[in-house]
């Protein structure tokens with residue numbers, strides 16, 4: 001484990017990438033599986049690929065060949081990638097109820113009165129820090145159904161309002177994320193509601209897998225866009241993790257897409273919610289949670305219990321795990337909001353900018369030279385990052401970008 005004088009940043013690095021048998025490649029995240037996901041998303045009225053922003057000037061400043069940022073603030077007016085998972089999972093769920101194949105229907109058909117008459121009234125329930133709940137609420141509204149979203153304590157007011165504006169019921173608890181999940185499940189079971197959650201437990205695995213497949217579509221888009229740009233495949237990927245559903249989905253798809261020769265991958269988490277880091281540190285192959293309030297401005301990553309499927313992919317195929325204090329993502333937010341020269345501006349929220357902040361510090365701070373060298377980051381490196389949300393908490397966004405909140409402890 002690497003430690004350094006720049007407060008709070010720690011990393012576990014695997015010095016030699018192990019060859020993993022193809023039998024361990026995640027079978028639910030193959031190109032064929034993602035073709036079905038992509039085909040469904042294309043039938044949604046608001047669907048279009050989000051931009052892949054090429055930050056050439058920033059790359060030059062940091063001593064890299066390229067930095068590519070997938071900008072999910074442009075995702076169908078919902079300010080986050082999460083709707084990719086919720087929409088696909090809910091569509092699969094309805095098709096299962098009606099004994100239909102998803103590839104034989106489209107989103108408009110699922111919105112039809114015919115479908116609603118057959119299914120009756122459905123209430124979808126979930127726990128969310130805001131973004132996943134917004135995706136569930138949007139999908140439920142579009143197909144004429146109901147949604148109830150439970151949010152953990154401390155959820156920003158604007159994130160709650162965004163869910164209510166989509167016609168869902170939003171309830172903020174006095175619990176942390178993981179306990180709110182358990183509470184939401186209890187209420188859903190008591191009311192015979194349909195749970196749509198991107199974490200899994202015994203007896204609840206199908207919907208989380210569908211959600212992860214939906215999330216992986218973000219990576220599929222990005223890799224197609226890289227090819228369209230004529231850029232060589234990324235050498236490095238930095239992906240942030242909460243429960244690990246998104247990170248596992250992105251990495252799992254890349255493993256299949258590149259036939260095991262995927263980019264050097266670092267998993268990033270907040271210091272107080274670093275369950276993947278802890279699992280890697282214990283190193284017994286099993287997922288391990290962290291407890292406590294999980295305090296961080298990276299609300300979308302404030303999760304203490306890994307999803308098994310995500311953890312297994314990250315365990316088997318990632319190259320490093322890092323935990324980062326809040327000042328890392330704050331720096332990333334400021335960098336993306338204040339582009340160099342001809343680079344495009346990216347509005348990135350607290351859970352979206354941590355990769356940008358991390359790579360900037362690795363390349364510029366002497367205290368992190370060891371990490372840079374172990375990850376083989378240099379002028380030949382092409383880095384891909386996923387800015388998974390926009391300014392979903394505008395008040396805090398301004399505090400960070402305008403007022404310099406959460407500055408680096410020099």
#### Entry: The listed residue being surrounded by fewer than 22 Cβ atoms within 10 Å (Cβ to Cβ) and modelled with pLDDT of 95 or more, out of 271, 243
271
### Query
Consider residue 90 against the criteria (1) assigned to a loop (DSSP other than H, G, I, E, B); (2) at pLDDT 95 or above; (3) in contact with a helix residue (DSSP H, G or I) (Cβ under 7 Å, 6 or more places away or on another chain): it satisfies all of them except one. Which criterion is unmet?
(1)
#### Entry: Hits in segment 367-410 (condition: farther than 29 Å from residue 232 by Cα and in a helix (DSSP H, G or I))
367, 394, 395, 396, 397, 398, 399, 400, 401
### Query
Right, residue 84: outside any helix (DSSP H, G or I), in contact (Cβ under 8 Å) with a residue 24 or more places away in the chain, under 16 Å from the mean Cα position of the chain (by Cα) and on the phi < 0 side of the Ramachandran plot or not?
no
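When you check residue 300 against the structure, is it crowded, with 22+ Cβ neighbours inside 10 Å, assigned by TED's automatic domain parsing to the domain that holds residue 216, touching a helix residue (DSSP H, G or I) at 6+ places or on another chain (Cβ under 7 Å) and more than 18 Å from residue 181 (Cα to Cα), yes or no?
Numbers: crowded, with 22+ Cβ neighbours inside 10 Å: yes; assigned by TED's automatic domain parsing to the domain that holds residue 216: yes; touching a helix residue (DSSP H, G or I) at 6+ places or on another chain (Cβ under 7 Å): yes; more than 18 Å from residue 181 (Cα to Cα): no.
No, not satisfied.
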### Task
Would you be able to say whether some residue in segment 340-359 is more than 28 Å from residue 83 (Cα to Cα), crowded, with 23+ Cβ neighbours inside 10 Å and in contact with a helix residue (DSSP H, G or I) (Cβ under 8 Å, 6 or more places away or on another chain)?
no
### Task
Report, by residue number, each residue of segment 36-61 that is touching a residue at least 40 places away in the same chain (Cβ under 8 Å) and closer than 18 Å to residue 386 by Cβ.
37, 38, 41, 49, 50, 51, 52, 53, 54, 55, 58, 59
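Every residue, every condition in (1) crowded, with 23+ Cβ neighbours inside 10 Å; (2) in the same structural domain as residue 66 (by TED's automatic domain parsing); (3) free of Cβ contacts under 8 Å to residues at least 40 places away in the same chain, yes or no:
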| residue | (1), (2), (3) |
| --- | --- |
| 371 | yes, yes, no |
| 377 | no, yes, no |
| 380 | no, yes, no |
| 383 | yes, yes, no |
| 388 | yes, yes, no |
| 391 | no, yes, no |
| 406 | no, no, no |
### Task
Return the only residue of 137, 162 being surrounded by fewer than 24 Cβ atoms within 10 Å (Cβ to Cβ), under 20 Å from the mean Cα position of the chain (by Cα) and under 18 Å from residue 76 (Cα atoms).
162
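Does residue 340 count as touching a residue at least 40 places away in the same chain (Cβ under 8 Å) and not in a helix (DSSP H, G or I)?
Numbers: touching a residue at least 40 places away in the same chain (Cβ under 8 Å): yes; not in a helix (DSSP H, G or I): yes.
Considered against the rule, which asks whether it is touching a residue at least 40 places away in the same chain (Cβ under 8 Å) and not in a helix (DSSP H, G or I), residue 340 comes out as yes.
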### Query
Across segment 107-122, what is the total count of residues that are in contact (Cβ under 8 Å) with a residue 60 or more places away in the chain and buried (at least 16 other Cβ atoms within 10 Å of the Cβ)?
2
### Query
So how many residues does segment 130-160 have that are more than 26 Å from residue 109 (Cβ to Cβ) and either assigned by TED's automatic domain parsing to the domain that holds residue 349 or out of contact with any strand residue (DSSP E or B) (no Cβ under 8 Å at 6 or more places or on another chain) (or both)?
4
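Check 297, 291 and return the single one that is part of a loop (DSSP other than H, G, I, E, B) and over 20 Å from residue 199 (Cβ atoms). Explain how you work it out, then say what you get.
Working: 291 fails: over 20 Å from residue 199 (Cβ atoms).
On inspection, the qualifying residue turns out to be 297.
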### Message
For the structure I just gave you, tell me whether residue 262 is outside the structural domain of residue 128 (by TED's automatic domain parsing) and over 30 Å from residue 153 (Cβ atoms).
### Response
yes
### Task
Read through the list (1) farther than 23 Å from residue 109 by Cβ; (2) assigned to a helix (DSSP H, G or I); (3) modelled with pLDDT of 95 or more, then give the number of the only condition that residue 35 fails.
(1)
### Task
Filter segment 214-240 for residues that are modelled with pLDDT under 95 and at positive phi and give the result.
none
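Criterion first (touching a strand residue (DSSP E or B) at 6+ places or on another chain (Cβ under 9 Å) and in the same structural domain as residue 334 (by TED's automatic domain parsing)) does residue 69 satisfy it? So that I can check it myself, show each step before the final result.
Numbers: touching a strand residue (DSSP E or B) at 6+ places or on another chain (Cβ under 9 Å): yes; in the same structural domain as residue 334 (by TED's automatic domain parsing): yes.
So residue 69 passes the test.
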### Checklist (1) at pLDDT below 95; (2) within 25 Å of residue 11 (Cβ to Cβ) applied to residue 198, failing item
(2)
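Scan segment 274-289 and give yes if some residue there is closer than 30 Å to residue 402 by Cα, crowded, with 19+ Cβ neighbours inside 10 Å and at pLDDT 95 or above, otherwise no. Give the steps one after another, and end with the answer.
In the first step, residues of segment 274-289 are kept if they are closer than 30 Å to residue 402 by Cα; the result is 274.
Retained after the next criterion (residues that are crowded, with 19+ Cβ neighbours inside 10 Å): 274.
Those left that are additionally at pLDDT 95 or above: 274.
Yes, there is a match, as at least one residue in segment 274-289 is closer than 30 Å to residue 402 by Cα, crowded, with 19+ Cβ neighbours inside 10 Å and at pLDDT 95 or above.
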### Task
Quickly run through segment 226-240 and pick out the residues that are farther than 20 Å from residue 374 by Cβ and crowded, with 18+ Cβ neighbours inside 10 Å.
226
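Is it the case that some residue within segment 58-73 is outside any helix (DSSP H, G or I) and either modelled with pLDDT under 95 or surrounded by fewer than 16 Cβ atoms within 10 Å (Cβ to Cβ) (or both)? Even if it seems obvious, please write down each step before you answer.
Of the residues in segment 58-73, the ones outside any helix (DSSP H, G or I) are 63-71.
Then keep just the ones that are either modelled with pLDDT under 95 or surrounded by fewer than 16 Cβ atoms within 10 Å (Cβ to Cβ) (or both); that gives 63.
Yes - at least one qualifying residue is present in segment 58-73.
The values are calculated or read from the model by the stated rules, or taken from the named source; none is laboratory data. Predicted, not measured: the structure shown is a model, and the values here were computed from it. We place every Cβ from the backbone using ideal geometry, glycine too, and count neighbours over all the protein chains shown.
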